[in-house]
Each structure stands twice: as C-alpha cells, then as structure tokens.
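K.L.:
Have a look at this one before I ask anything.
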Amino acid sequence: MGLLTVLKKLKQKEKEIRILILGLDNAGKTTILKRINGEDISTISPTLGFNIKTLDYNGYKLNIWDVGGQKSIRSYWRNYFEQTDGLVWVVDSADRPDRFADCKAELHSLLTEERLAGASLLIFANKQDLPGALSSEEIAKLLDLKAIQTHHWQIVGCSAVTGDNLLTGMDWVVTDISKRIYMLD
Amino acid sequence: MTSPVLREPRRSAAGYDRLSENVAKLSTFVRGRGKKTTAPVDLMPVLLALLKAVKAVVRYLTGTTELFRLCDRVLEDRRRGRLRIEGVAGPSGRSSGEPTSRVVGSLAPPAEGDLVERIDRCLAYSTKLTSERKAMDSGTLDVDSVVQGILVAKMFPKAGDPNTPQAKLFRECVDRIVETSQLINQLTARAATKFESGDPDHVAQLFTLWDLALPTQPRPPRESELWLKLGFQGRDPATDFRGMGLLGLDNLVFFAQRHPRSMKRMLEISHHPKAWFSLAIVGINMTSFALHQLRKRRLYSLTTALSLGATATAFAEFYSYLMDAFATTWAAHGEAVTVMDFPRVFKAFRKTVKKDLRAGRLLVLNTAAGLR
C-alpha cells in the first residue's frame, strides 16, 4: 500500500457521517431509510431490532442506523448513541393525539444524553400525505422545539411514501454536520 | 480542500420539490449522486445469449426443444423407477399440533417440484413465449389453448398432440404454475388489504387470535397494553399490520388454530425475561419472508408434494413450520441473544430455509396435510 493510498483511506474515513434515526413505533423510520436508499417501500414490516444502510451522498459516506421504536426496545437506543453526528427524529404527523406527549418526552430525554451532545437534530414531520396530518409548525409546537437550545435543529414536513421533502431534510442535516466537522477541509 | 457540499452552489428548493414529486426519479437521483451498485459490465445478457446459442445448437442437432427434453427425461427416469417420493419423516396424518421442528422430511431425489421449477424458468427465459408467460402470471387464461400453442411451438411429438405422455406431464406442470400464480395474486391482495379498525370482521379476527393464543386469559379491550403479551408493538395492534395487511393476521390465526401447542411453546420462549422477542412482529416479518419465497416461486417442491396443492392453506402450513423452526433456533441461543440480535438471527434463519427449499426439503410440521 503506497502512502497515497493510506492518505486516501484516511481521507475517506474522515468523510464518514453517522446518522441515527429514532422515533416512536410506526412513525415511518424504516420507510424513510428505504426510500432514501431507493428501495421498494410497498411492504415494510415493523422493525424488531435495527436496520443499517450505508450510502454515498454528496461525497459523504452516510452510515444510517434505524432502530425500532416500540416502547420495550427504546431502552436499547442508548447502545447506538456513540459517535452519532446527526439524529433524525421521525414523527407520525397523523398519529393519535395522546402519543404526541410520549413523542415529546422521548425526544427531550434524548437531548439530555451526553453522547448525543453536538449532534445535529433533524425532525421529520412524516406522513404529510395523510388526511388529518398536522403541519410541521403544529408539530414543532406540540414537541416544544423552541425550547431546544443544546442542538442545531430543523423541522421538515415530509412524506416517505411520496418522497416529498426527504432530500430537503437530508441535505440540511448533512450540510449542518459537514459545516461542523469538516470545516477545516 | 472544500467539501463538495460547500463548493457546490445550493440547489433551489423548488428543484427538489419537483424531483420529489416523481417517486421513481427520486431513487435514481439519490443513486446518481452516489456510486452505488454500478457493476462495470452487466453480464446477464451475455450469459443468456450464450445459453440461447447452446440451446439452438442442441435443438438443431437433436430436433427437440428443452421443454420437451425436460419432460421426456422425467418420464424416462420414472420408467426406470428412479423418481419416487420417499419417506417423509414422521406421520402425515392430521393430529393436534406436535411442537417440534425436527420433522423436516426430505424428498429423496428432486421430484416433480423440481421439474415444475425448471419448466417455469424455461418459460420465463423464452423470448418467444412472453405473452403465454404473462397469461400464466395473471392466472386468467385459457390453459388448453395456451398449452396447445406451446406444444406445437416447442415441437412436442405428433405435431403437439396433447395426449402424448410428455404433453400430459407438461400440462400438469403448467397447471401447477398457473395455480401458483393464482395463489400469489390472492395472497398479495390479502397482504395489501389494510386492517381496518372500523371493520367488525377484522376486529373479530384479532380477538380470535387472542382467544386461540391465550385461551385462559380474558380478552383485553380493543386498545390495551395487554396486546404486548402477544408481541404487538403497542396498545393498538392495527398499526403493526402495515406492510403485510390481513395476511399477517390470517397467518397468525392459522398457526394458533392448527398448531396450538407450537404456538404456546413459541409464546413461552418469546416471554423469556432476557432473551424475549415480540411474537406478533416476528410473525408479520415471517409472513413477508414466506410470501417472498412464494413470489420467487421457490415453493414448488412443497406445493407439488402436499395434497393441498398451491393453496392458502399450504402456504399457511409453510408459515407455521417457519414460526416453529424460528422458535427452536431462537431458544437454542439461550441467553446469548437479546431482541436487538433479531436481525442477525433472522438473517441466518432465512439463509437456512432457502437452502432447505433448494434441497427440496418439505418444510411443514409433521402434523400438516398429507402428501399427494
């Protein structure tokens, strides 16, 4: 292996970004991941455990972790915090009203995690294609996003089914991360 | 060095919106930005062309077609007594479910299922029979006339006389293929049927599942934390049936109904304090996997061997086998696994099942339907 190869390898390593997708069960995390990755999304079963995908995006290598959202496995979320550059929090905008309190509590408790400090936070207000879906402004209010001082955050209304605004969101989070960690390049 | 993101002018938001409107375009867009999955040369067409050339030569030299030779060879083997379905382990009557998955029987030499599979592949690769193949996939066709057309085109003896042994065997195989297509369409439609909380039939079926799986415990309300006991994700099981629709529920009910002891055993395993898993969610993932195998037409050896044929019941028996075998696999890991290991364990399990299917193993619980 020549010196150039070694340098190149190091360089490639540097350009890796680790993204963690979390949210309550049935929020659409896996659908978003598969849609971004260009896979079929017609038959997605609930995630028991996690999915991981690596994809190239604007010259970055994204390692995206999508962990199941059912209550009983949320205690495992913390096993995936290490080295996370970006957190994507997915919300079912057409969810039953009583679940938004749960959603808010889980999100805010994540933000107190030391290992997630500094991670850019993207909130996907998913399922905008469904009738009765709340707008991203309404979701922002319900989740009290204004109170977040610790993280760079952005909320984007999207639909994993139609693909609307997924790229807008991903672009924001990748740009925000790259500004922060690759500024010296 | 500046990163590409910073150097590139920001694309306008309007541009993105326009793109994301078109779902198909979106995926190519993302792929186009990365360097994913671009093999230098696609070898498939080259190989297919080679195969076709070889076939043409053989056809020219022998005056027979591959379809005919496939059928003829099986008949020849039968005459010599080489092809016989041999002992499937365990009794094959229908007694109440014995929870064991060590009962994988095997069909000694690849039998009729293998022939159907090869004929199916042969038809799929033929460029001259695309319309016939499409008709078979849709499951709505005049089998007689389609088969007759193929018999003539593929030079079966006596100018495609449907009464020669080879022609009859071919017809049987086509029937299996059509039967399977119909089943695929039927089950795909069921999987696409959403669980509607407002539909009394759907709700009744959900409660039936509870009664069968936990007969000693009173029914919970429609929405309740109690559903977690069956391995649903939350208070409302309805949301978990996305993806596999009512087929997921059908399969779970069938498993609990026909193989109650196996279901009970699996539930117990799933409630392990450390190595627990969510049974219903595993079930829905299993439906998805089983349906995929059917769609890929890997179940011919199963459906040709069972007297049930390619029916929803045969499919559900296959599903029941998978559930039982998965429970065994999971339990064998003891406390070395947690629910987060499910993806890894399930992946290895799927690999084993596919291998068994390729080997022509009969993947049903021994109490399942008998052989043809």
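K.L.:
What net charge do the residues around residue A:125 carry, taking every other residue with its C-beta under 10 Å from that of residue A:125, with Lys and Arg at +1 and Asp and Glu at -1?
P.N.:
Local net charge: -2.
K.L.:
I'd like the mean, over residues of B:233-245, of how many other protein chain beta carbons sit within 10 Å of each residue's own Cβ.
P.N.:
Per residue, the average neighbour count from other chains is 5.
K.L.:
For region A:1-141, report the accessible area per residue in Å² (1.4 Å probe, heavy atoms, rounded to an integer).
P.N.:
42
K.L.:
At 1.4 Å probe size, put B:61, B:129, A:142 in order of accessible surface, largest to smallest.
P.N.:
Solvent-accessible surface, decreasing: B:61, A:142, B:129.
K.L.:
Is the C-alpha gyration tensor of region B:138-296 telling us rounded, prolate or oblate? Criteria: a/c under 1.5 is rounded; beyond that, a/b larger than b/c is prolate, otherwise oblate.
P.N.:
It comes out prolate by the Cα gyration axes.
K.L.:
Which value, in debye to the nearest 20, describes the size of the charge dipole of chain A about its Cα centre when Lys and Arg Cβ atoms bear +1, Asp and Glu Cβ atoms bear -1, and nothing else is charged?
P.N.:
560
K.L.:
Another one. Between chains A and B, what is the buried accessible area in Å², counting both sides, with a 1.4 Å probe and ligands, DNA and RNA left out, to the nearest 100?
P.N.:
The summed interface area works out to 4000 Å².
K.L.:
How many nm is it between the label spots at residue B:152 and residue A:54, if each spot is 7 Å from the Cα in line with the beta carbon?
P.N.:
A separation of 5.7 nm, rounded to one decimal place.
K.L.:
Which order do the peptides B:184-196, B:164-176, A:144-156, B:318-330 come out in when sorted by mean C-beta neighbours inside 10 angstrom, highest first?
P.N.:
So the peptides B:184-196, B:164-176, A:144-156, B:318-330, ranked by packing, come out B:318-330, B:164-176, B:184-196, A:144-156.
K.L.:
Further question: Once the piece of chain linking residue B:44 and residue B:341 is laid out straight, how much longer is it, given 0.36 nm per residue of separation minus the C-alpha distance between them?
P.N.:
103.4 nm
K.L.:
Name the residues of region A:89-128, by number, that are at least 40 Å² less accessible with every protein chain in place than in the isolated chain; the surface is that of heavy atoms, probe 1.4 Å, without ligands or nucleic acids.
P.N.:
A:96
K.L.:
Based on the Cβ-Cβ distance of residue A:40 and residue A:102, what FRET efficiency does E = 1/(1 + (r/R0)^6) give at R0 = 41 Å, to the nearest 0.05?
P.N.:
Approximately 0.85, to the nearest 0.05.
K.L.:
Distance from the Cα centre of region B:270-340 to that of region A:79-142, in angstrom?
P.N.:
Distance between centres, Cα-based: 33 Å.
K.L.:
Suppose each label sits 7 Å from its Cα in the direction of the beta carbon; what would the residue B:261-residue B:222 distance come out to in nanometres?
P.N.:
3.8
K.L.:
Turning to a different aspect of this structure: Checking the table B:55/B:354; B:158/B:296; A:104/B:347; B:134/B:296; B:52/B:134; A:34/B:194 against a 23 Å threshold on Cα-Cα, which pairs fail?
P.N.:
B:55/B:354; B:158/B:296; A:104/B:347
K.L.:
So between residue B:121 and residue B:53, what do we pick up on full extension, going 0.36 nm a residue minus the alpha carbon distance?
P.N.:
Fully extending the segment from residue B:121 to residue B:53 adds 22.8 nm.
K.L.:
Once neighbouring chains are kept in place and the probe is 1.4 Å, which whole percent of the accessible area of region B:190-309 is contributed by carbon and sulfur?
P.N.:
Within region B:190-309, the accessible surface is 54 percent carbon and sulfur.
K.L.:
Additional query: Order the following by accessible area, largest value first: A:74, A:18. Probe radius 1.4 Å; ligands, DNA and RNA are ignored.
P.N.:
Result of the area sort, largest leading: A:18, A:74.
K.L.:
While we're looking at this one, here's another question. Does any residue of region B:310-346 lose at least 10 Å² of accessible area with all protein chains in place compared with its chain alone, and if so which ones (probe 1.4 Å)?
P.N.:
B:338, B:339, B:340, B:342, B:343
K.L.:
Right, here's the next one. Under the 0.36 nm per residue contour assumption, what length would be gained going from the current alpha-carbon distance of residue A:61 and residue A:135 to full extension?
P.N.:
Net length gain for the segment: 23.5 nm.
K.L.:
What is the mean number of Cβ atoms from other protein chains located within 10 Å of the Cβ atom of each residue in peptide B:272-282, rounded to a whole number?
P.N.:
2
K.L.:
I've got another one for you. Any idea of the accessible area per residue across region B:184-342, 1.4 Å probe, to the nearest Å²?
P.N.:
Ligands and nucleic acids excluded, the figure is 35 Å² per residue.
K.L.:
With the crude spin-label approximation of a point 7 Å out along Cα→Cβ, what separation in nm comes out for residue B:185 versus residue B:203?
P.N.:
It works out to 3.4 nm between the two label points.
K.L.:
Compute the angle between helix A:166-181 and the longest alpha-carbon principal axis of chain A, please, reported from 0 to 90 degrees and rounded to the nearest 10.
P.N.:
Rounded to the nearest ten degrees, it is 50.
K.L.:
Using Cα pairs under 8 angstrom and six or more residues apart, how large is the relative contact order of chain A, in percent?
P.N.:
For chain A, the relative contact order is 22 percent.
The values are calculated or read from the model by the stated rules, or taken from the named source; none is laboratory data. Keep in mind that what you see is a predicted model, and the values were worked out from it rather than measured. Note that each Cβ is placed from the backbone with ideal geometry, even for glycine, and that neighbours are counted across all protein chains shown. Remember, those area values only see protein heavy atoms, side chains included, never the ligands or the DNA or RNA. Shrake-Rupley method; radii C 1.70, N 1.55, O 1.52, S 1.80 Å.
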